[in-house]
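Structure first, then comments.
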Amino acid sequence: MASSTLVTITYRVADAKRFELEGILIPLVEKINAAQQTVRFSVYQEEDEASTFVEVYECETIEDYDALEDDLDEETREQIRRIATDFAQTRQAVMSLRKLA
């Protein structure tokens, strides 16, 4: 899949919740990537600050990313909401990047 658009979401979690979040993220990545083909999802953990996570969505257009949640089942959407409300300590920083060349 060619990716000309990246969407990143960066957030910190409390150290006490980090391992619980990791237990949610790993199967979530697998489920989202298995459910559709227009967006590839991965999660990175900052090396120097283990409680900082970056979600990376690779897609052809921003519209593909915007439509992602429509293609997911309710359980998966709830897990995504839970990350934002129960785990993210800081406001999530969202960045959209478009490939130039």
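The values are calculated or read from the model by the stated rules, or taken from the named source; none is laboratory data. This is a predicted model, so every value here is computed, not measured. In this analysis, Cβ positions are derived from the backbone assuming ideal geometry, glycine residues included, and neighbour counts consider all displayed protein chains. Calculation scope for accessible area: heavy atoms of the full protein, side chains included, ligands and nucleic acids excluded. Shrake-Rupley method; radii C 1.70, N 1.55, O 1.52, S 1.80 Å.
Assorted remarks:
- Backbone HN-Hα couplings from phi across the stretch 16-29 [Karplus 6.51/-1.76/1.60, Hz, Gly and Pro as x]: 5, 9, 4, 5, 5, 4, 4, x, 8, 5, 4, x, 5, 4
- Cα gyration tensor category, rounded, prolate or oblate, for the chain with a/c compared to 1.5: oblate
- Cβ-derived FRET efficiency at R0 25 Å, Asp71 paired with Ala50, nearest 0.05: 0.20
- Under Karplus coefficients 6.51, -1.76 and 1.60, residue-wise ³J(HN,Hα) of the stretch 59-69 in Hz, glycine/proline x: 7, 6, 9, 5, 5, 4, 5, 4, 7, 3, 5
- Surface composition of the stretch 1-86: carbon plus sulfur atoms contribute 50% of the solvent-accessible area (1.4 Å probe, protein chains only, all chains present).
- For the stretch 30-101, the per residue solvent-accessible surface stands at 67 Å², with DNA, RNA and ligands left out and a 1.4 Å probe.
- Short-range pairs are left out: with C-alpha atoms under 8 Å and at least six residues apart, the relative contact order of the chain is 46 percent.
- Stretched out straight at 0.36 nm per residue, the stretch from Ala16 to Leu100 would grow longer than its current Cα-Cα span by 26.2 nm.
- Whole-Hz Karplus values for the stretch 83-91 come out as 4, 5, 9, 9, 10, 5, 7, 9, 4 Hz, taken residue by residue from phi with 6.51 cos²θ - 1.76 cosθ + 1.60 and θ = phi - 60°; glycine and proline positions read x.
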